[in-house]
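Novice: Starting off with a structure, shown below.
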Amino acid sequence: MNYRIFLNGYRFSTYNDCIKLLIYSAEQSDYIVDIEGFEKTTPYSPAKNYILLKGSSKEIYSDIIIDFDNLLINANYDKAITISPSTLETSPLPDAVHYWMSIGAVFKIISDLSPAYVTGYLLEKNMKKELEAFNLSLSRLPFAVQIAVNELMTDIE
């Protein structure tokens with residue numbers, strides 16, 4: 001399958017770690033990966049990126065929006081899976097643990113991606129809370145996110 005992933009967030013170091021691990025996992029899963037960054041308009045603007053994961057020759061894409069900090073308030077995106085603290089039934093945490101929960105949800109949705117690289121990174125850095133949040137999302141998704149995933153997958157077939 002092919003995926004278009006739109007990301008935005010404020011906690012730049014955690015944001016960058018999440019993106020790097022997502023890209024590395026996708027490359028190791030034989031996806032063709034293309035990433036584009038958007039220019040920041042002010043020093044306090046969130047980081048915004050677009051990642052294209054191409055895994056098949058079909059020109060059909062599933063859209064995933066990862067809103068790490070609930071920046072897209074009341075946004076309605078048809079035909080897109082939105083992952084944010086509110087859709088994951090949590091709130092943004094000061095230590096950015098919720099970023100790892102969001103990335104875990106992406107790995108749950110895109111089953112071709114191996115979570116081993118993220119798990120290894122978090123274990124190596126001794127990031128226990130982050131690993132717990134990541135694994136929590138890998139084990140279950142909230143019902144609303146599951147419905148969005150199922151609807152998107154049936155539309156593609």
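Novice: Please enumerate, by chain and number, the lysines with C-alpha under 18 Å from the C-alpha of Lys40, excluding those fewer than 8 residues away in the same chain.
Specialist: Lys40 reaches Lys48.
Novice: Distance between the C-alpha centers of region 89-156 and region 31-61? Whole Å please.
Specialist: Each part's Cα centre sits 19 Å from the other's.
Novice: Give, as ranges by residue number, the residues of region 5-25 whose backbone N falls under 17 Å from the point 7 Å along Cα→Cβ of Leu52.
Specialist: Residues 5-7, 23 qualify, since their backbone N sits under 17 Å from the label point.
Novice: Please work out which option in (1) 21, 18, 17; (2) 33, 25, 14; (3) 33, 16, 14 gives semi-axes √(5λ) of the Cα gyration tensor in Å calculated from these coordinates, and answer with its label.
Specialist: Computed from these coordinates, semi-axes √(5λ) of the Cα gyration tensor in Å corresponds to label (1).
Novice: Would you please name the GluC sites (Glu not before Pro) within region 17-55 that are DSSP coil residues with at most 15 other C-beta atoms within 10 Å of their C-beta?
Specialist: On the way: sites: Glu27, Glu36, Glu39; in loops: Glu39.
Filter output for region 17-55: Glu39.
Novice: Note the full-extension length gain between Ser114 and Glu27 as 0.36 nm times their separation in residues minus their Cα-Cα distance, in nm to one decimal.
Specialist: 30.3 nm
Novice: Figure the gain on full extension for Ser45 and Glu89 (residue separation times 0.36 nm, minus the Cα-Cα span) and round it to one decimal in nm.
Specialist: Here the segment from Ser45 to Glu89 would lengthen by 13.4 nm.
Novice: With each label point set 7 Å from Cα along the Cα-Cβ vector, what nm distance links Leu123 and Leu71?
Specialist: It works out to 3.3 nm between the two label points.
Novice: Related question: How large a share of the accessible area of the chain, in percent, is made up of carbon and sulfur atoms when the probe is 1.4 Å and the other protein chains stay in place?
Specialist: Its accessible area is 52 percent carbon and sulfur atoms.
Novice: Tell me the mean residue ellipticity at 222 nm calculated for the chain from its helices only (DSSP H runs of n ≥ 4, each -39500 (n - 2.57), averaged over every residue, nearest 500).
Specialist: Calculated from helices alone, the mean residue ellipticity at 222 nm is -13000 deg cm²/dmol.
Novice: Taking 0.36 nm per residue of separation and subtracting the Cα-Cα distance, what length does fully extending Phe12 through Asn150 add?
Specialist: Details: separation 138, 0.36 × 138 = 49.68 nm, distance 3.13 nm.
Gain in length upon complete extension: 46.5 nm.
Novice: So which helices of the chain fit the span-like rule, where a helix is a whole DSSP H run, its Cα atoms reach 15 Å or more along the axis, and its mean Kyte-Doolittle is at least 0.5?
Specialist: Sorted by number, the helices that extend far enough and score high enough are 97-109, 143-156.
Novice: Would you mind checking the pairs Lys20/Lys54; Lys54/Lys129; Lys108/Lys128; Lys79/Lys125; Lys20/Lys125; Lys79/Lys128 and listing those with alpha carbons more than 26 angstrom apart?
Specialist: From Lys20/Lys54; Lys54/Lys129; Lys108/Lys128; Lys79/Lys125; Lys20/Lys125; Lys79/Lys128, over 26 Å: Lys54/Lys129; Lys79/Lys125; Lys79/Lys128.
Novice: Just grab the label-to-label distance for Glu36 and Tyr61, each label 7 Å out from Cα along the Cβ direction, in nm (one decimal).
Specialist: Placing both labels 7 Å beyond Cα along the Cβ direction yields 0.8 nm.
The values are calculated or read from the model by the stated rules, or taken from the named source; none is laboratory data. Just so it is clear, the structure is predicted and the values come from calculations on it, not from any experiment. In this analysis, Cβ positions are derived from the backbone assuming ideal geometry, glycine residues included, and neighbour counts consider all displayed protein chains. The accessibility values were calculated without ligands, DNA or RNA, using every heavy atom of the protein model including side chains. Shrake-Rupley method; radii C 1.70, N 1.55, O 1.52, S 1.80 Å.
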